[in-house]
Every structure is written in C-alpha cells, then in structure tokens.
Amino acid sequence: MIYMLRPTLVSICVFTFVASIAYAADPTENPSDQIWLSPPKPTSSTSNWYAQPIDAPRGRVIEFDATRLTYAVESSDRKVTVAADRVLWIEPSSVPEDESTMIRLFEAGEFGKSLSYLPDVLKARPPVWRQQWLTMMSACAAHRSGRAKIALDLVEQLDRRPLPPMVIAWLPIQWNGGLASGVANQQAGERIDDESLLVQLVAASWMLTSPDRSTAINKLQSLTRNRDRLDVARLAQVLLWTTKPPAEVIESESKWLVQLDSFPMVMQAGPSMALQRKLRASGQIDSANRLLWSNQLTPIHRWLGLVE
C-alpha cells in the first residue's frame, strides 16, 4: 500500500525550523527530559583504566544545537552545558499523540505509515532539535519504504543548517552493504554531486553495491579530504573500509579500531556495525564478535537493530 505525503513536506520543514526557535528556548514549555550522555574524555587528573559509565541526568532542555546542549537540572535552577557530541539520546517526558504514533510505527517497521505523519508532526512545532531528528528519522523511513528521492530531499533540507551529531548519526547511510533498489541507485547517481555533502555521502553509500561502485568510491575518497566537515570525512572513511579486500582488512584492523574509538560515541553505531560485518567477512571472527557484543551490551540507542 502506498501512503501519500503532502507535496509541501519539504517546505513545511523550512517553515517550522525557523518558526519554532523561540518555542525551543522557552523555559516554561518543556518539562523534565531524560538525557543520555557519553562519558567525558579523560583528563590528566582522571584515569581511563576502567570504562566510564554513560551518564543519564534528568532535566529540562533549554538549548541543543550542533555544538552544545544546555539543560536545567531537574528540581534545581542549576544549568549545565555539555558538548553536543556527548549527547546520545534525549527522551522528552511527553510528546503529542501524532509524534508518538509516528515513532511507534517506525520502530515497528511500518516505514511508509511513519513517514506520512511528518507534515502534521512538524506543524505542531516541537523544539528545533526534535524537528531535526524527526525529519532525519523520516529520511530513513523514506529510504526504507522505497522513496529514495524524498529521503535525499529531506537530508538536503536538513544540511542547510548545522546539525547535532545525534541527528547526523541517523543519516540513511547503507551501512549493511545490502543492495540498494534500482530507483535508489538512480536517485543516488543524480545527486552524487549535490551541493549538500550529506546528500553526497548518503548517495555514495547507496551506490557502493551498484554498477557505479567506482563513482561512489571516488566520491568517498573526495569526502575524506574535506577538513571543514570532519563528521562527513569520518563516515566516508568508514564506508571506504568496507570496500577493502580481506588482506587489507586484516592488516588494517588495529588501526581502524583505534580510529573508530576516536569517534564521538554517538557516531559509532553505524560504523561499528559496518566494520564488524567486514571483519566477519574477512575471517576475523573474534574481532567481529567483540564489536558485536560491545554494541549489544552497551547499545548507543535503543533502535540499534534498525540501523541500515
């Protein structure tokens, strides 16, 4: 069954992102939220001998953008600011019914139905960071439901302003090496040189298993050299790892694991799953299992199984 989207979906994204900035900053509108933060980086006065736990404070989100999260601690006037790349997930204390249904449908694999809720959910004007994540989730839903053009359009729209790493981590990148549909490959080929670097990255990931694999590899190599977008360069580098022959995988394993560990934790889900599949395919079963068990024991987000 086809679930139709309103033709103004992308324009609604533009309008809502701008119109709700004041709403996101209003301290009276947001009740206490559950926040998950990766451990801070070790300093000279702290030990990194033992793994540090994920922090899970409760508080009211005041501001969350590409660089920082500021929240008011629950039952306190104290405000805390942390780097945005430490934010793994934020669970609002309550969301409107349409938004809750949209997320539930996505989690259930009803991607077409989930996608159809986006226009109405954005019209309700949740905080900007929440709009960005919901829109990126919808880009994943569009890709999963065979709407490659909508997926790329939504990614392009989002890339017009800086995004929190938590949102970028949900890009509809083809991490699992599966075959993209013919329609997805066609759309990817048309957008491989898009002005948006995130669109280029997603398109290249879709094309890696297509007859245009060499075009995708060339694009990824170009993206790894981009010093202005370290997030894009890192993800492109991981996608290139998946193209290497077994001998190079075995030789590079230790170096790649160190590089992966240097990524912000929130950005490690898709890359670690891609690397463990590549290690397994190259006969490095023990290493692949260690990565797999790490993801299972300490999932970066609750929908890890839905990473593409």
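Taken together, the values in this text are just the output of simple stated rules run on the coordinates, not laboratory data. Keep in mind that what you see is a predicted model, and the values were worked out from it rather than measured. Note: ideal-geometry Cβ built from the backbone for every residue, glycine included; neighbour counts use all protein chains shown.
Its convex hull of Cα atoms gives the stretch 148-187 a direction-averaged projected area, equal to a quarter of the hull surface, of 3.1 nm². A full extension of the chain between THR81 and ASN218 corresponds to an added length of 45.4 nm, given 0.36 nm per residue minus the alpha carbon distance. Once the chain from GLN259 to ARG68 is taken as fully extended at 0.36 nm per residue, the excess over their C-alpha distance is 66.4 nm. A simple count of charges around SER252, restricted to other residues whose Cβ falls under 13 Å of its Cβ and scoring Lys, Arg +1 and Asp, Glu -1, yields 0. Computed from point charges on the beta carbon alone (+1 for Lys and Arg, -1 for Asp and Glu), the dipole magnitude for the stretch 253-298 about its Cα centre is near 120 Debye. Per-peptide packing, taken as the mean over residues of other Cβ atoms within 10 Å, places 135-143, 223-231 in the sequence 135-143, 223-231 from highest down. A cut-off under 12 angstrom between Cβ atoms defines the neighbours of SER100, and their net charge, with Lys, Arg +1 and Asp, Glu -1, is -4.
With a Förster radius of 35 Å applied to the C-beta separation of TRP293 and ARG58, the computed FRET efficiency comes to 0.75.
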